[in-house]
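Below: one structure, written as structure tokens.
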Amino acid sequence: MILAAAATAGLTASSASAQASFCSQEGANYICEYGFTERPLPGGGVEKFVIGTDGAVWTNYTSDNKWHTLDGIATSQVFIESEYIGNDFHTTIIVLGGDGKPWARERPYIGGSWTPWARAPRPH
């Protein structure tokens, strides 16, 4: 995936994964320190997020039960913000990037495409 140079600058440089211990759960290998983040979806099902051993954000949906990369380099757990906008369930994920600053991706509705990584306010 090609991201704008400004967006990728903060999401590329990190030595965190080189020093981290790794865990395995539900088919995911991830950095233990950042945990396994999950939340229920409207209408049933669960969405899960981890920081993989490659430092990238990975997600899994109950509907296909496969792990998909959201790219980037994260140095924190995944913070999830969700809200209904009209009839759509809008989701924003926020992580601290390799530069120590917050970065976010958004999905306007379930099943929709994620936006590219962009600078974000500090997670709650």
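Working only with C-alpha atoms, what are the Rg and Dmax values of segment 61-124, expressed in angstrom?
Cα-based Rg and Dmax for segment 61-124 come out at 12.2, 36 Å.
Computed FRET efficiency, Cβ-Cβ of residue 33 and residue 61, R0 30 Å: what is it to the nearest 0.05?
0.80
Lys and Arg at +1, Asp and Glu at -1: add these up for the other residues within a Cβ distance under 9 Å of residue 62 and post the number.
Value of the local net charge: -1.
Of the accessible area of segment 25-124, with the probe set at 1.4 angstrom, what percent is carbon plus sulfur?
The computed percentage sits at 51.
The values are calculated or read from the model by the stated rules, or taken from the named source; none is laboratory data. In this text, all values refer to a predicted model and were calculated from it rather than measured experimentally. When we count neighbours, we look across all protein chains shown, and the Cβ atoms used for this are built from the backbone with ideal geometry, even at glycine. Just so you know, the surface numbers come from the protein's heavy atoms only, side chains and all, with ligands and any DNA or RNA stripped out. Shrake-Rupley method; radii C 1.70, N 1.55, O 1.52, S 1.80 Å.
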